[in-house]
Amino acid sequence: MYDCIIVGAGVNGTFIAHDLSKYNLKTLVIEAENDVGDVTSCANSAIVHSGYDPHYWTLKAKLNVRGNQMYDQICQDLDVEFERIGSLTLAFTDEETQAIGHLVANAKKNGVEVSVLEPEEILRLEPFVTKNVKKAILAPSAGIINPFELCVALMENAMDNGVELRLNEKVTGINKTSGSFSVVTDKSTYQTQTVINAAGLYADEINNFVSERKTEIIPRKGEYYVLDHFPEPFVSHVLFTIPTDIGKGVLITPTTSHNYMFGPSSDFIADKNDLSTNKEVLDRVLAAATKMVENIPMNRVIREFAGLRAYHESNDFVINEKDGFINVLGMQSPGLASAPATAELVLDLISRTLALNPKTNYNPKRRPLYRLNQRTPEERNAVIAKDSRFGNMVCRCEKVSEGEVVDAIHRNCGATSVKGIKKRLRPGSGKCQGGFCEPLIMGILARELKKEIKDLRYDSSGAYILLEKTKGSDCHD
Ligand SMILES: Cc1cc2nc3c(=O)[nH]c(=O)nc-3n(C[C@H](O)[C@H](O)[C@H](O)COP(=O)(O)OP(=O)(O)OC[C@H]3O[C@@H](n4cnc5c(N)ncnc54)[C@H](O)[C@@H]3O)c2cc1C
C-alpha cells in the first residue's frame, strides 16, 4: 500500500514528489511517457513570471507570486539554471498605455514590485525595442529557468530521498475502495491511500475516473520560433506585449542557455497530441514580435515548436481535495512559475489525510552537474585528468562531453532516449539540431544502457530512429 500515488511527472508532479520526499511516506509517481517533464513542462516559454498581471482574486495570482519567491532556494539546492533578468511589458498605442494603469494597480494588489518606465529609459535598457514605444512596466523579479532541467532535478532528488518512479506506464482507471484507492495502469494495479492528479492535458480523464463532478480540459496551442546563440547584442529582459484575457501575449526572451525564443500563439485545438507548427500561425507570432523589436534576426532561427496549454473553463488553476483525491488541473501559464507554491498547497491538502512526519535523513541537495561549458580551462582540465571521457566533445554546438552524457544516463531519473539527453544537456538543441551529435549520443546510450542501437528511441515508445542495418559493419563503430 502506497501513502500517495502521483499521476503525471510534469513540473507539478515532480515538484509534489520532491516535496513529499521530505516526509516518511511511501510515494509513487506514474508517468505515461518515457521521461519526466516530457509534455507541456518541456514546451513553454520557461519564464518564472513575477505575478503582477494575473487578476488579484485568482489562485493563479496567489500561487504565482508565492512560487516566484520560492525559486531561488530550490534552484540553488538542485543546481538548476535560473536567472532573474526582469520583464518589460511594452505599450505602443494609447489603448495599451491606458491598460498599464490597471496592470500596475493589479500588481500592487498582488504585492509585486513594478515600476513604469518612459521611452528613454526603456530604450536605454533595451536598445532594440521599436522606437515608437510609449511606456513599459518593469517587473524585476521575473526570471528565466531551464524547465527540462528543473523536472529532472526535482525527480532525481525525490528518488534520492526514496520516491519511486514508473515511466512508460499509463493510468487507465482509478477505483475508490473503503478508505483507499486502486490505481489501475496498462501494466499493473496499485493500492494507495491518496492520489494526486497532476496529469496536465489528461487531468480531466483522471478526475472523471473518480469524481462525480466531471470536467474537461481543452488544449490551447502556443507556437514559437527558437533562435541560435549569437555574439551580437539582442534583448536582455523578457519582453511582453500587453496581456489580454486569452493570455500574456507574445514575448521575446533570452533563455538560460543564452539563445533566444519568441512566441507563443494562442489557439484552441481539438487534438491533445497535435504539436505541429503552422506557417500562418508563426507569421502572426512574427508580426506581434516585430511590433516590439523590428529587426529580429530571422537568419538565426534554428527551430519552431509548439506546446499545449491545459485550459479549464474557469480559466484559473483548479486545486482541490476530496477524500484523499487531489486535483491539480487547469495548469496553464503561470503553472511553471507557480509550481513550488502549488506543491506547498497540495501538501497542505494532503495533510488532511496523511500525517506528514519529517525524515531525519532527508537530503535537500542534488549532486551538482559538471557543466564543463561553464568552467574555466583549468577547471575543465582537472575534470578531464580524472576521467578522459570529459575531454571527448560529442556536441560541438553546445559543447557537451561524453563524460557528461554518461553521468546524465546513470543518475537517478537518468536519460534513456536521445531527447532525454537533449533535455538534460542540450546536444541537438544547437545549430546542427542533432546532425553531428545524434549518432554519437545513440552510441553512448546503447553502450551504457546495454541495448541494441536500433532499439533506442528519439523520444516516446514509437519514435524509432533506426530500423535495420544497411551495411555489414557494426552500427556502434
Ligand atoms: C505555450 C505555453 C507557454 C507557457 N509558458 C509558461 C511560462 O512561461 N511560465 C509559466 O509559469 N508557465 C507557462 N506555461 C504553463 C506551464 O508550462 C504549465 O503550467 C506546466 O508545464 C504544467 O505542468 P503539469 O505538470 O501540470 O503538466 P504536464 O507537464 O503536461 O505533465 C503532465 C504529465 O502527466 C502525464 N500523464 C497524463 N496522463 C497520464 C496517465 N493517464 N497516466 C500517467 N501519466 C499521465 C503526461 O505524460 C505528462 O508528463 C506555458 C504553457 C504553454 C503550453
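The values are calculated or read from the model by the stated rules, or taken from the named source; none is laboratory data. No experiment lies behind these values; they were computed from the predicted model shown. Neighbour counts are summed over all protein chains in view; Cβ atoms, including those assigned to glycine, are modelled from backbone coordinates with ideal geometry. With ligands, DNA and RNA removed, areas are computed over all heavy atoms of the protein, side chains included. Shrake-Rupley method; radii C 1.70, N 1.55, O 1.52, S 1.80 Å.
Quick notes on this structure:
- Reducing the stretch 265-279 and the stretch 139-160 to their Cα centroids gives an inter-centroid distance of 26 Å.
- Mean Cβ neighbour count within 10 Å, used as a protection proxy, ranking 230-243, 301-314 highest first: 301-314, 230-243
- Total lysine pairs under 16 Å (Cα atoms) in the stretch 372-455, excluding pairs fewer than 8 apart on one chain: 7
- Percentage relative contact order, the chain, counting C-alpha pairs under 8 Å, at least six apart: 19 percent
- The apolar share of the surface of the chain, taken as the fraction of accessible area on carbon and sulfur atoms (1.4 Å probe, ligands and nucleic acids excluded), comes to 50 percent.
- Pairs with C-alpha atoms separated by more than 19 Å, drawn from the list K170/K359; K135/K221; K108/K134; K62/K108, are K170/K359; K135/K221; K108/K134.
- Each Lys or Arg adds one and each Asp or Glu takes one away; over the other residues whose Cβ falls under 11 Å from the Cβ of N207, this sums to -1.
- Highest-first arrangement of 189-202, 131-144, where packing means the average Cβ count within 10 Å: 189-202, 131-144
- With a simple spin-label model that places each label point 7 Å from the Cα along the Cα-to-Cβ direction, the separation between L125 and E313 comes to 4.0 nm.
- Rounded Å value of the spacing that divides the Cα centres of the stretch 42-70 and the stretch 399-420: 31 Å
- Annotation: per residue accessible area for the stretch 372-455 equals 47 Å², rounded to a whole number [probe 1.4 Å, protein chains only].
- Alpha-carbon centroids, the stretch 329-343 and the stretch 1-37: separation in whole Å: 16 Å
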